[in-house]
Amino acid sequence: MSRSHRSRSAFATFLRSFLIQSSWNYRTMIGTGFGLAMLPGLRRIFSGRPEEFEAAVERHVEHFNAHPYLASVALGASLRLEADGVTPETVRRFKTAVRGPLGGLGDALVWATWLPVVSMIAVASYWLGLPGPWAAALFLMLYNTGHIGLRIWGFWAGLEAGRDVAGKLAAARFSAWTMRLRSWGVVVLGILAGAVLGGEGGLGDAGSVWAALAAAGFLLGLLVGHHVWRPAAVAVVAAIALLATWGSIR
Amino acid sequence: MSLLGLSALGGAIGLDGTSVGQFMVSRPLVAGLLTGWAVGDPMLGMAIGMVLELYLLVSFPTGGSRFPEGATATVVAVGSCAGVEGGGALALAVAVGLVWGHVGGLSITWLRRLNGRLVPGEEGPRPSVTDIVLLHVCTIGLDFLRGAAVVFGGLLVGRTVVGQMAPFWPLGPGGSVGLVLIGGAVSLGILLRDFGGFRQNRLRLAVGLGLGLLGAQLL
């Protein structure tokens with residue numbers, strides 16, 4: 001793959017990866033977004049070969065799904081495979097093989113770990129006295145350092161390794177990073193709980209009854225897990241509605 | 001800011017949730033600040049955004065799952081209680097935001113079904129580059145309109161509910177905050193479970209709790 005190919009059309013493909021979910025649907029999932037992102041690279045690879053270009057576009061708008069950030073790995077690798085001239089069936093098989101792992105790794109690392117940990121850092125900072133705009137800026141900077149870093153790494157790892165990208169993914173040790181982040185996340189969770197309990201205008205100021213109810217809610221979440229989230233939100237909304245109604249008819 | 005202005009803001013912030021970038025400008029703590037600035041009360045926006053952020057800590061936009069939409073929910077919550085007097089405004093706004101988050105989540109499901117009708121089918125003609133680019137312009141535009149419509153409807157309902165009921169709210173400021181934080185505490189419990197549970201993490205949790213309490217006293 002030539003340097004100019006890598007530097008221009010590949011960069012355009014990388015930038016378009018930020019739109020990969022813009023046509024999310026239950027038929028092709030992020031497949032059509034994947035095709036949109038591939039267009040600049042494919043145009044370059046199949047320059048002067050319109051029939052092959054159209055066929056390549058068609059196979060890249062087919063069904064595909066992965067975590068949106070780690071989909072950049074598949075984008076880079078698919079671009080490399082197309083540039084290497086492998087058969088369409090090989091490209092299809094590669095994409096089918098990587099979509100599951102890229103989805104699972106990304107969901108665990110980003111949605112279930114990185115996002116809540118950074119959110120908790122920002123909320124705890126706010127509760128400990130950091131001005132709101134600074135807390136929001138801290139959140140955006142921290143989160144997007146990881147987010148954009150992951151996208152850049154994934155895309156160039158895919159582009160460099162092609163079908164051997166699995167080795168790069170294994171070497172990156174995402175599962176170990178996830179576990180490590182979760183360990184630190186528990187410390188952050190404790191800091192946040194302490195800040196909400198002891199901070200100005202927090203549960204400590206609300207009174208012992210509210211602090212006890214919050215502790216009960218915490219225990220419920222810990223024991224039951226995600227199943228209790230929706231009922232708890234409904235219960236809070238119902239309590240607010242009842243109190244407001246009672247207040248207005250009193 | 002007018003109803004239409006806030007709706008446009010909601011539509012724009014909502015795009016970040018799925019369609020464009022996912023830089024997490026759509027998270028309640030950022031959306032709350034932006035809406036607070038728009039209505040001239042950033043402190044109120046931050047307060048509501050932080051509470052809703054606690055609720056949505058364990059709500060992830062994974063795959064095809066239906067999840068409450070934080071961006072439109074926060075714009076609706078902050079826009080509903082801006083300028084409203086009475087101690088209940090915060091609690092009522094959080095309640096409106098939680099309900100409207102699910103409306104937003106439902107609207108995302110509808111949009112995804114609609115997108116499914118717009119994307120090229122396997123049996124149809126081979127899609128051209130123009131078809132693909134226009135499809136994405138169209139789906140991004142639809143997502144913007146969806147977010148704006150959700151916020152518009154939410155503000156009509158939310159402003160009425162909060163405006164009518166806030167003056168009669170029976171709890172003081174401490175009780176109001178305590179009530180809305182119960183749901184946030186549930187989210188923290190769920191997150192501790194996700195991160196390995198209490199037994200495995202009790203020392204780290206205790207260290208964090210101690211640091212948090214100490215920080216709250218010192219800072």
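None of the figures in this text is laboratory data; all of them are computed from the coordinates on show. For clarity, every value in this text was computed on a predicted model and none was experimentally measured. Note that we place each Cβ from the backbone using ideal geometry, even for glycine, and neighbour counts take in every protein chain shown.
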* Restricting the first residue to the range B:164-185 and requiring it to be within 25 Å of A:GLY190 (Cβ to Cβ), which pairs with a second residue that is in a helix (DSSP H, G or I) and of a type in the set (Ser, Thr, Tyr) meet a Cβ separation below 7 Å and a spacing of at least six or different chains? -> B:GLY183/B:TYR55; B:GLY184/B:TYR55
* To do: Would you mind stating whether A:THR96 is surrounded by fewer than 24 Cβ atoms within 10 Å (Cβ to Cβ), touching a strand residue (DSSP E or B) at 6+ places or on another chain (Cβ under 9 Å) and more than 14 Å from chain B (Cβ to nearest Cβ)?
  => yes
* Structure fact -> Of B:ARG159, B:ARG193, B:ARG146, B:ARG202, the only residue that is more than 7 Å from every other protein chain (Cβ to nearest Cβ) and either closer than 27 Å to A:TRP184 by Cα or more than 18 Å from the chain's Cα centre (by Cα) (or both) is B:ARG202
* Is one or more of the residues making up the range A:36-58 within 12 Å of chain B (Cβ to nearest Cβ), within 21 Å of B:ASP16 (Cα to Cα), aliphatic (A, V, I, L, M) and assigned to a loop (DSSP other than H, G, I, E, B)? -> no
* Take the range B:159-178 and flag every residue that is surrounded by 23 or more Cβ atoms within 10 Å (Cβ to Cβ) and closer than 13 Å to A:ALA212 by Cα. => B:GLY178
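Let's see how each residue does on (1) without any contact (Cβ under 8 Å) to a residue 60 or more places away in the chain; (2) within 11 Å of chain B (Cβ to nearest Cβ); (3) surrounded by fewer than 15 Cβ atoms within 10 Å (Cβ to Cβ); (4) over 17 Å from A:THR113 (Cα atoms):
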{"residue": "A:TRP153", "(1), (2), (3), (4)": "yes, no, no, yes"}
{"residue": "A:GLY158", "(1), (2), (3), (4)": "no, no, no, yes"}
{"residue": "A:GLY162", "(1), (2), (3), (4)": "no, no, no, yes"}
{"residue": "A:SER175", "(1), (2), (3), (4)": "no, no, yes, no"}
{"residue": "A:ARG182", "(1), (2), (3), (4)": "no, yes, no, no"}
{"residue": "A:VAL188", "(1), (2), (3), (4)": "no, yes, no, no"}
* To do: Need at least 3 residues that are among the aliphatic types (A, V, I, L, M) and out of contact with any Ser or Thr (no Cβ under 6 Å at 6 or more places or on another chain) per element, so show me which helices (runs of 4 or more DSSP H) inside the range A:91-209 make the cut, counting only ones lying wholly within it.
  => A:115-127, A:132-161, A:165-172, A:174-198
* Structure fact -> Of the residues in the range A:104-138, those that are of a type in the set (S, T, N, Q) and either touching a residue at least 60 places away in the same chain (Cβ under 8 Å) or buried (at least 24 other Cβ atoms within 10 Å of the Cβ) (or both) come to A:THR113, A:SER119
